[in-house]
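*Asks:* Take this structure first; my questions come after.
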Amino acid sequence: MGYLEEIKKEWIHKVAKKQISDVEDEYKQYLLGEYCEDPDEFFSSVYRTFLDEDKRRSFLVNNDFSKQFKCEHVDKILEKQRRFRFFTPSIFWHHKDRTKEELIWITQITLDFDLMKDGSNREFNPQDLAYILDREFGYLPNVVWSSRTNGNYQASYLIKPMTGTARSIYYYESVVKRMAILIGADVAATSAVNLYSIPKSGFWKFSEEIHSIEDFDWVLEEEDIEKSLEKKRSEKVVSFTEKQIMKHESIQALLNAEFVQWRNNAAFTIALLYYALGKSKKEAYDFLNGPWFDLVNDGRFPSRRGKFRRKEVKTTVESAYSGRYHGPSREWIYLITGIEFPYNLYKSSYIKKEDGYQSANEIQLKILKWLESNSGKWVKRKAICASLNIPEKSFRRNLDELHGRKLDYESKTGANGGYFIRDLRSNKDFGVEVDTSVSLDGIIDYSNIKRA
């Protein structure tokens, strides 16, 4: 269970109590909206003109998810919709896949309410839900409809289309997940490619307004949610063993190539995982170049992408081990596998000393590594900084921080200015140890991607 889902469960009774009180105290909601039975009006409002261009598709899916039907025009949806149970309001470009990688447009925000199963004791009708949504978000939903399951409703806000880039997907899902928490909807049903029930008969129409996602992104700063997230962040930081990490279902899906999208990103994510766990380049290369290579070339990916090539493995591993990254992105793990990996996995280094461990940055680690074979030599300033690829100011600052603890040095200025550095570490078993830590800190930090 993700942390936002946990927060929703913590909030649901408080949210439900307020909503029940609001509905009991007001009767205006019974004057809202109009009931419509025309499926043409429903689906035409969802898809608008997005299916008019070539290679634009949506999907209908049957009751047990064993069959899906691609629809290239609204007319085809209207013709086939009675034979299927679910639809996706998003638009895709490939005829086989309804994955995030094939996503072209996100057309609406849809909130799913399962009032009979969420333990909230809410007994609302579509007008009640529309009224509550208007109270919470400042806008009436466009439509509310019921599924074939008792007490299950979907409510939607039409939005200006969002392109199906990873950045847009993160942004969209972050907003809608928080909206779901605030209104007591299903957080798990907020994926950009989620399926929703086709209205079992008609639907209630409340508005024709088309919104922008920015109309709702204030929820990203909603103080109570942020406080709950901060509480989760501060609860604990734990160290996981490699075995625990590798057994996580999302990591297993990555390693066993149990996905059909983002193949190259999956390779890079695995390489970063190996890097964060302190494994060698060779181990990462051998894994990606071994059985995993065969799995991703077994035909599960559309042929237009071509085969995953051997040279791509080498490039991927070199990039992952370049030092520019700390570890795999859990956002990409989720995007690739569809399974939340609720931890930040990062590589951090520690300098070993007698009474414990002292954190060190990468520059200090470079200096100490260099010192193992260069102690007691005069070295020109420019030469050592070029050798270690360190800016001169940063080199001097970090040298001062290490002075007296791990090394002693003298310096001289001028055109040939340099350093005489002595290693103060008496024992030869000194070394850099890799500590792999996992921070439990919420779902995704969207603070830098609010405008997609």
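Computed from the coordinates by the stated procedures, all read-outs in this text should not be read as laboratory data. Small disclaimer: the values here were computed from a predicted structure and weren't measured. For neighbour counting, all protein chains shown are included, and Cβ atoms are generated from backbone atoms with ideal geometry for every residue, glycine included.
*Asks:* Taking the Cβ-Cβ separation of GLU34 and VAL260 as r and a Förster radius of 45 Å, what is the calculated FRET efficiency to the nearest 0.05?
*Replies:* 0.60
*Asks:* What distance in nm separates the two pseudo spin-label positions at LYS117 and LYS393, each 7 Å out from Cα along the beta-carbon direction?
*Replies:* Result: 5.8 nm between the two label points.
*Asks:* Right, next: Using +1 on the beta carbon of Lys and Arg, -1 on that of Asp and Glu, and nothing else charged, what's the dipole of the range 33-87 about the Cα centre, debye to 20?
*Replies:* 480
*Asks:* Here's a follow-up. Enumerate the calculated ³J(HN,Hα) couplings along the range 148-156 in order (Karplus 6.51 cos²θ - 1.76 cosθ + 1.60, θ = phi - 60°), each rounded to whole Hz, writing x wherever the residue is Gly or Pro.
*Replies:* 7, 8, 4, x, 9, 10, 10, 10, 9
*Asks:* Quick one: GLU401, GLU53, GLU34, fewest Cβ neighbours within 10 Å first, how do they rank?
*Replies:* The order, fewest Cβ neighbours first, is GLU34, GLU53, GLU401.
*Asks:* Could you please rank MET162, MET116, placing first whichever residue has the fewest other Cβ atoms within 10 Å of its Cβ?
*Replies:* The fewest-first ordering by Cβ neighbours comes to MET116, MET162.
*Asks:* Could you tell me which residue out of ASN194, GLY138, ILE181 lies farthest along the dipole of the range 96-215 toward its positive end? Charges go on the beta carbon: Lys and Arg +1, Asp and Glu -1, centred on the Cα centre.
*Replies:* ASN194
*Asks:* Still on this model: For the range 3-233, count all C-alpha to C-alpha pairs, find those more than 30 Å apart, and express that count as a whole percent of the total.
*Replies:* So the portion of pairs separated by more than 30 Å is 22 percent.
*Asks:* Hey, fewest Cβ within 10 Å first, where do CYS385, CYS71 land in order?
*Replies:* Result, fewest neighbours first: CYS385, CYS71.
*Asks:* 5 Å is the cut-off here: which amide hydrogens, built 1.01 Å from N in the peptide plane, fall below it relative to LEU407, excluding neighbours closer than 5 in sequence?
*Replies:* For LEU407, the qualifying residues are LEU424.
*Asks:* Hey, with R₀ at 41 Å, roughly what FRET efficiency would THR163 and TRP370 work out to, going by the Cβ-Cβ distance, to 0.05?
*Replies:* Efficiency computed from Cβ-Cβ geometry: 0.30.
*Asks:* Mind scanning LYS76/LYS177; LYS18/LYS177; LYS8/LYS55; LYS314/LYS393; LYS177/LYS307 and naming the pairs with a C-alpha gap bigger than 27 Å?
*Replies:* Violating the 27 Å limit, Cα to Cα: LYS76/LYS177; LYS8/LYS55; LYS314/LYS393; LYS177/LYS307.
*Asks:* Suppose each label sits 7 Å from its Cα in the direction of the beta carbon; what would the ASN125-LYS76 distance come out to in nanometres?
*Replies:* Roughly 3.8 nm, to one decimal.
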